[in-house]
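Below you'll find the structure, written out as structure tokens, and then a few comments.
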Amino acid sequence: MVERVDEQDRVLAVVGRGEAVRRGWLHRIAVTVCRDREGRILVHRRSGHLARFPGHYEVASGGAVAVGESYEEAASRELAEELGVRAPVRFLVKFLNRGGLSPHWLAVHEAVLFDAPDPDPDEVMWHGWLSESELLRSTRENLFTPDTRDTLRHYFAAAGRGPA
């Protein structure tokens, strides 16, 4: 269950996530961009059996914000579920994202990982660390999820580093 929200991110109703996606209702998504001590960004490839964007690459881990959950709580939960790590997440920016599967409010967080990720193999088939220049080249050469470019644009602008 997720909270259906309006254009100002105010709660309208509690609905199933599938229904929100099918009907194009706004809801909330929280993601985290992970960096290592050297500043490289963690990129992962979604498992081939996933219903949404199988085999696509991603620069952020995350998912739907549950009913009553904050963006930060969802970002932390999803980081642990998908990448098997616990790390403080720092909120950077929230924007109305109309790309991807359905429209949603997307809250982008950042985490610096000191422990190696241990991704859930049901979610992630590959992961690796890329410099910003390697990442930008990879987004031109590989198939990434539809909202990757918008996420990166907002992330870099809010983090005050890298390409805008």
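The values are calculated or read from the model by the stated rules, or taken from the named source; none is laboratory data. The model shown is predicted, which means the values in this text are computed figures rather than measured ones. Note that we place each Cβ from the backbone using ideal geometry, even for glycine, and neighbour counts take in every protein chain shown. Heads up: the accessible areas ignore ligands, DNA and RNA and are worked out on the full protein's heavy atoms, side chains in. Shrake-Rupley method; radii C 1.70, N 1.55, O 1.52, S 1.80 Å.
Scanning region 96-137 for residues that are of a type in the set (Phe, Trp, Tyr) and farther than 15 Å from GLU38 by Cβ, which turns out least open to solvent (accessible area, probe 1.4 Å)?
Step one: filter region 96-137 for residues of a type in the set (Phe, Trp, Tyr), giving 105, 114, 126, 129.
With farther than 15 Å from GLU38 by Cβ added as a condition, the list becomes 105, 126.
On the way: TRP105: 32, TRP126: 110 Å².
So, considering only residues that are of a type in the set (Phe, Trp, Tyr) and farther than 15 Å from GLU38 by Cβ, the one least open to solvent (accessible area, probe 1.4 Å) is TRP105.
Go through region 138-156 and give me each residue that's in contact with a strand residue (DSSP E or B) (Cβ under 9 Å, 6 or more places away or on another chain) and surrounded by 15 or more Cβ atoms within 10 Å (Cβ to Cβ). Walk me through it before giving the result.
Restricting attention to region 138-156, the residues satisfying the condition of being in contact with a strand residue (DSSP E or B) (Cβ under 9 Å, 6 or more places away or on another chain) are 138-139, 142-145, 147-148, 150-152, 154-155.
Those that are in contact with a strand residue (DSSP E or B) (Cβ under 9 Å, 6 or more places away or on another chain) and surrounded by 15 or more Cβ atoms within 10 Å (Cβ to Cβ): SER138, THR139, PHE144, THR145, ASP147, THR148, ASP150, THR151, LEU152, HIS154, TYR155.
Any residue at all in region 79-87 that is among the acidic types (Asp, Glu), within 14 Å of the chain's Cα centre (by Cα) and modelled with pLDDT under 95? Talk me through it step by step, then tell me what you get.
The first filter runs over region 79-87 and keeps only residues among the acidic types (Asp, Glu), leaving 81-82.
Those still in the list that are within 14 Å of the chain's Cα centre (by Cα) too: 81-82.
If we keep only those that are modelled with pLDDT under 95 too, we end up with 81-82.
Yes: region 79-87 contains one or more residues that are among the acidic types (Asp, Glu), within 14 Å of the chain's Cα centre (by Cα) and modelled with pLDDT under 95.
Say whether the condition of being at pLDDT 95 or above, part of a strand (DSSP E or B) and under 14 Å from the mean Cα position of the chain (by Cα) is met by at least one residue in region 130-147.
Yes, region 130-147 contains a residue that is at pLDDT 95 or above, part of a strand (DSSP E or B) and under 14 Å from the mean Cα position of the chain (by Cα).
Conditions (1) in contact (Cβ under 8 Å) with a residue 60 or more places away in the chain; (2) over 22 Å from LEU113 (Cβ atoms); (3) in a helix (DSSP H, G or I), marked per residue:
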| residue | (1), (2), (3) |
| --- | --- |
| ASP9 | yes, yes, no |
| GLY18 | no, yes, yes |
| VAL21 | yes, yes, yes |
| ILE29 | yes, no, no |
| LEU42 | yes, no, no |
| GLY55 | yes, yes, no |
| GLY62 | no, no, no |
| SER76 | no, no, yes |
